[in-house]
Amino acid sequence: MQDVALALLAKEPSHGYDLRRRLVAALGPLGETLNAGQVYVTLTRLEKAGLVVQEREDAPVRGPRRKVYALTAAGQERVAAWMAEGAGARADVTEFHLKLVAAAESGLADPLALVDARRRELIRSLAEAQHAALAHDTNSEAGLLLEGIALRLQADLRWLEACERTWSARAPRGKGGGKG
Amino acid sequence: MSRDSRRIRGRSQRRGTDDSPLAGPSSRQPGEASGPVLRAVGLSRAYGQDESLVRAVDGVDLDVPAGQALAVTGPSGCGKSTLLQLLGGLDRPTDGEVWLGGRRMDHLGERALARLRRRAIGFVFQSFHLMDELTAAENVELPALLAGASPRTARNRAAGLLDRVGLADRARHLPSELSGGQRQRVAIARALVNEPLVVLADEPTGNLDSAATHDILRLFDELRAAGQTLVMVTHDERVAATADRVVSLRDGTLADDTRLDGGGTTRLGSLLNWEG
Ligand SMILES: Nc1ncnc2c1ncn2[C@@H]1O[C@H](COP(=O)(O)OP(=O)(O)O)[C@@H](O)[C@H]1O
Ligand SMILES: [Mg+2]
């Protein structure tokens, strides 16, 4: 959550309210469980940690100048590190989804490159699971567990295919973007 | 531990004991041959014209070294079957080259191409393509006979191969008397009868349930351990993950190329969240 908030702020300094709106847009029905208080708690923690600062808005579109949250240098470093780090086979769907949204919004990483890296990670995990499964009796306890792991990794890979389709249709410079 | 040493260990673990039925004396060591067994250069196949033009395969460059098991994956319609047909000389490219065992094959005449296909390539298809009126053994013998083997040699090879795929006791059965998994094992035995340079398989487990799929994947694993070069096309990630290398095809173009060293357990270990 902290990383997601930071990544969305990397695009432009923004007000807590705006941040919540963008999160809700990215999360759909899952985002409706996210209340404004939770977003402010996160921002306050990030501020205490020296990752964001409050500053006055430069030129308000309308109304009075509001306070907006902006990344500090340390905040920028942390976002870059979060974008670059492999998610690992355990990472859940929501976290990776938010990473793609944040990558695209902030321009800090190419969502398609993140998808490719994750596909490689997952297929390597799946290779281990499958080779182990072939070496075990399907009806053994170990075989049963390996079956479950392989099925989940396969589901993750299928979802990545959908991510690739959607993000390559949006990315102006991504591969496939010129074709769609 | 280096990636390479882990890879070798993984492979020998999978190869199992020396009496593995497929690890014969003719075993080739992977990666030992000089050039690639199979090579595609700028390979393209388009269908139709003008507005209805479909670039099914679009400028594919690919080298398959000896002993490699390569999986080609991608969504339906991305060009997998077309690519495999081009690699196997079942279809002609509109552009580019195919080389098999150091020999260019895309511009051979029909007869020379048919001969090369018969001798040097083994095909395995999703729907088995067995001859219904021939027994399992006869199906396996047929390509050997067509390639000029004597009936006796063909018979012996077929018997040996059916034994290797675990179907010695089904040799006299018709395909209609066999399960899907058994039919595919007959088809694999048939693909091997002329000791091909490469086996090409198009969705080999596409019509099989998960138990039969496991049997076929184990069989491929044994073939590979015996040094057989193998290219399989599949939309099933679990099947692709058993290969040495996975390439992804998107709209006829290669989009990704990943090497696998599936023998380890490093990543599986990280799935166990043991805080003891
Ligand atoms: N004989 C054909 N005539 C016209 N279009 C074809 C023909 N065969 C395949 N195609 C087209 O080429 C593309 C790739 O097909 P194919 O190689 O069968 O894909 P895959 O095996 O990955 O599902 C598809 O768009 C398909 O419609
Ligand atoms: Mg196909």
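With (1) within 9 Å of ligand 1 (Cβ to nearest atom); (2) within 18 Å of B:LEU260 (Cβ to Cβ); (3) surrounded by fewer than 20 Cβ atoms within 10 Å (Cβ to Cβ) as the list, and B:PRO65 as the residue in question, which single condition is left unmet?
(1)
Quick check on this structure: which one of B:ARG172, B:ARG190, B:ARG183, B:ARG155 is away from ligand 2 (no atom under 16 Å from the Cβ), at pLDDT 95 or above and assigned to a loop (DSSP other than H, G, I, E, B)?
B:ARG172
Could you please find all residues in region B:249-276 being more than 8 Å from every other protein chain (Cβ to nearest Cβ) and under 26 Å from B:LYS80 (Cα atoms)?
Those that are more than 8 Å from every other protein chain (Cβ to nearest Cβ) and under 26 Å from B:LYS80 (Cα atoms): B:LEU249, B:GLY252, B:THR253, B:LEU254, B:ASP257, B:ARG259.
Scan (1) within 18 Å of the chain's Cα centre (by Cα); (2) surrounded by 17 or more Cβ atoms within 10 Å (Cβ to Cβ) for the single condition A:SER14 breaks and write down its number.
With respect to (1) within 18 Å of the chain's Cα centre (by Cα); (2) surrounded by 17 or more Cβ atoms within 10 Å (Cβ to Cβ), A:SER14 is out only on (1).
Among residues belonging to region B:86-113 that are touching a residue at least 40 places away in the same chain (Cβ under 8 Å) and at positive phi, point out the one that is nearest to ligand 2 (Cβ to nearest atom).
Selected residue: B:GLY96.
In this structure, does A:LEU151 turn out to be touching a helix residue (DSSP H, G or I) at 6+ places or on another chain (Cβ under 7 Å), at pLDDT 90 or above and part of a helix (DSSP H, G or I)?
no
Per-residue answers, yes or no, for (1) free of Cβ contacts under 8 Å to residues at least 24 places away in the same chain; (2) among the hydroxyl-bearing types (Ser, Thr, Tyr); (3) facing chain B (nearest Cβ under 7 Å):
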{"residue": "A:ALA103", "(1), (2), (3)": "no, no, no"}
{"residue": "A:ALA113", "(1), (2), (3)": "yes, no, no"}
{"residue": "A:ALA127", "(1), (2), (3)": "yes, no, yes"}
{"residue": "A:ALA132", "(1), (2), (3)": "yes, no, yes"}
{"residue": "A:HIS136", "(1), (2), (3)": "yes, no, no"}
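Quick one: how many residues across region B:226-251 are surrounded by fewer than 21 Cβ atoms within 10 Å (Cβ to Cβ) and more than 16 Å from ligand 1 (Cβ to nearest atom)?
Selection size over region B:226-251: 3.
Look at region B:179-225 and say how many of its residues are within 14 Å of chain A (Cβ to nearest Cβ) and touching a residue at least 12 places away in the same chain (Cβ under 8 Å).
Residues that pass the stated criteria total 17.
Is it the case that region B:44-55 has a residue that's away from ligand 1 (no atom under 13 Å from the Cβ) and of a type outside the set (A, V, I, L, M, F, W, C)?
Yes, the conditions are met somewhere in region B:44-55.
Within region B:200-276, which strands (runs of 3 or more DSSP E) (wholly inside it) include 3 or more residues that are within 16 Å of ligand 2 (Cβ to nearest atom) and either under 19 Å from A:ARG119 (Cβ atoms) or in contact with a strand residue (DSSP E or B) (Cβ under 8 Å, 6 or more places away or on another chain) (or both)?
The strands (runs of 3 or more DSSP E) meeting that bar are B:229-233, B:245-250.
Please find, among A:ALA162, A:ALA102, the residue that is modelled with pLDDT under 90, outside the structural domain of A:ARG22 (by TED's automatic domain parsing) and small (Gly, Ala, Ser).
A:ALA102
Would you mention how many residues in region B:184-225 are within 11 Å of the chain's Cα centre (by Cα), more than 16 Å from ligand 1 (Cβ to nearest atom) and among the charged types (D, E, K, R)?
2
Please enumerate the residues belonging to region B:115-147 that are part of a strand (DSSP E or B) and either among the β-branched types (Val, Ile, Thr) or closer than 13 Å to B:ASN194 by Cα (or both).
Matches in region B:115-147: B:ILE121, B:GLY122, B:PHE123, B:VAL124.
Restricting to region B:50-85, name every residue that is more than 10 Å from ligand 2 (Cβ to nearest atom), over 26 Å from A:TRP159 (Cβ atoms) and outside any strand (DSSP E or B).
Hits for region B:50-85 are B:ASP50, B:GLU51, B:SER52, B:LEU53, B:PRO65, B:ALA66, B:GLY67, B:GLN68.
Quick one: A:ALA117 ticks every box in (1) more than 22 Å from A:GLU164 (Cβ to Cβ); (2) more than 7 Å from chain B (Cβ to nearest Cβ) except a single one, so which number is it?
A:ALA117 satisfies every listed condition except (1).
A:PRO60 fails exactly one of the following numbered conditions: (1) under 16 Å from the mean Cα position of the chain (by Cα); (2) at pLDDT below 85. What is the number of that condition?
(1)
Residues of region A:138-148 being at the interface with chain B (Cβ under 10 Å from one of its Cβ atoms) and surrounded by fewer than 20 Cβ atoms within 10 Å (Cβ to Cβ), which ones?
Those that are at the interface with chain B (Cβ under 10 Å from one of its Cβ atoms) and surrounded by fewer than 20 Cβ atoms within 10 Å (Cβ to Cβ): A:THR138, A:ASN139, A:GLY143, A:LEU145, A:GLU147.
Of the conditions (1) without any contact (Cβ under 8 Å) to a residue 60 or more places away in the chain; (2) touching a Leu at 6+ places or on another chain (Cβ under 8 Å); (3) of a type outside the set (Gly, Ala, Ser), B:ASP50 clears all except one; give me its number.
(2)
The values are calculated or read from the model by the stated rules, or taken from the named source; none is laboratory data. Worth saying up front: this structure is predicted, and the values here are computed from it rather than measured. Every residue, glycine as well, gets a Cβ built from its backbone with ideal geometry; the counts of neighbours run over all protein chains shown.
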